[in-house]
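Read-outs throughout are calculated quantities, based only on the coordinates presented, and are distinct from any laboratory measurement. It should be emphasised that the depicted structure is a prediction, and the values quoted were computed from it without experimental measurement. Here Cβ is always computed from backbone atoms with ideal geometry, including for glycine, and neighbour counts include all displayed protein chains.
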Amino acid sequence: MADLDDLREGADFGLGISRENQCFHVKGAENLPWGMKDRLSRIFNPKTGKAVMLAFDHGFIMGPTSGLERIDLNIVPLIEYADCLMCTRGILQSTIPANTTKPICLRSDAGTSILTDLNDNVLIDIEDAIRMNVSAMAVMLAIGDDAHEAKTVANLYKAVDKASRYNIPVMGVTAVGKQMARDARYFGLASRICAENGATIVKTYYCEGFEKVAAACPVPVVIAGGKKLPEKEALELCYNAINDGAAGVDMGRNVFQSTSPVAMIQAVHAVVHQGITPDQGYELFCDLAK
Ligand code: R5P
């Protein structure tokens, strides 16, 4: 049991000191088996170590939200520019062409909607994930939520236990409850808990002090984009996150709700993989959007 009366916050994150003996391009994956490394390499580009994951799983909670009314029209044209597709099995089976060669990060938990409180109590059967040949499974953790923390940690644990047997990576998705502060302390805690419970990728949010979140997480951290921002601000978010240690983005609304989603995903890709500045990214976006 933790000594709650003497919780000392971490202070020395070794910022700027790279990890020793990192001979694989995905953080924390050196000791994993071949199948796991192969799947991670489909998501994280071996040349840059980075990934642009396109998240369009929102409908499983929100229904046909703006930009996702017709996945065939809104998302399918973006597939060629993404490194990985994050979606639910229903959308994958019904609408994503099976001849896509892009890796799939399958949203693997469920049980809630925008109409009710969080209630994540369903975890996909591992056999279904295998049947769909996914490259990763994504499971949400509600750290700090009294009612759902234990349930969602158990979900992650079960997913890791089952997925590990088949060398399928699991991405821990840090949910932020209404009462949670969106700061480095919270995201650092939630991200580390995901990794300690066996997640091989962590998805969280960018915040001030993000470099500490990324440094203290022993596996790659990708950031969600969050609510729609003006395109230049969204590109700044990507740029800052990568500079502060993110291994990529798992972005949804800032791509599919853009005035030009095809241009936006290409600009995001260039910021993440080529390290172009937000100004250059925005110029690229404007050129491609013409
Ligand atoms: C996470 O749980 C959500 O389902 C989305 O995948 C995530 O929030 C990323 O999308 P966005 O960039 O729109 O925040």
Any chance you could count how many residues in region 215-235 are out of contact with any helix residue (DSSP H, G or I) (no Cβ under 8 Å at 6 or more places or on another chain) and over 25 Å from Gln280 (Cα atoms)?
-> 2
Identify, please: which residue in region 207-240 is within 12 Å of the ligand (Cβ to nearest atom) and in a helix (DSSP H, G or I) and is, among those, farthest from Tyr186 (Cα to Cα)?
-> Ala234
Condition set among the charged types (D, E, K, R) and touching a residue at least 12 places away in the same chain (Cβ under 8 Å), scope region 192-218, selection surrounded by the most Cβ atoms within 10 Å (Cβ to Cβ): answer is Lys203
Verdict on Ile201 being touching a Ser or Thr at 6+ places or on another chain (Cβ under 9 Å) and either within 23 Å of Phe60 (Cα to Cα) or more than 13 Å from the ligand (Cβ to nearest atom) (or both) | no
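When region 260-273 is examined, which residues are found to be without any contact (Cβ under 8 Å) to a residue 40 or more places away in the chain and away from the ligand (no atom under 16 Å from the Cβ)? Spell out how you get there, then give the answer.
Within region 260-273, the subset without any contact (Cβ under 8 Å) to a residue 40 or more places away in the chain is 260, 263-264, 267, 270-271.
Passing the criteria: Ser260, Ala263, Ala270.
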Hey, can you tell me all the residues within region 133-149 that are hydrophobic (A, V, I, L, M, F, W, C) and either out of contact with any His (no Cβ under 6 Å at 6 or more places or on another chain) or touching a residue at least 40 places away in the same chain (Cβ under 8 Å) (or both)?
-> Val134, Ala136, Met137, Ala138, Val139, Met140, Leu141, Ile143, Ala147
Residue list for region 95-110, restricted to those being within 16 Å of the ligand (Cβ to nearest atom), more than 16 Å from the chain's Cα centre (by Cα) and among the β-branched types (Val, Ile, Thr) | Ile96
For the subset of region 49-91 comprising residues that are part of a loop (DSSP other than H, G, I, E, B) and under 15 Å from the mean Cα position of the chain (by Cα), which member is surrounded by the fewest Cβ atoms within 10 Å (Cβ to Cβ)?
-> Gly49
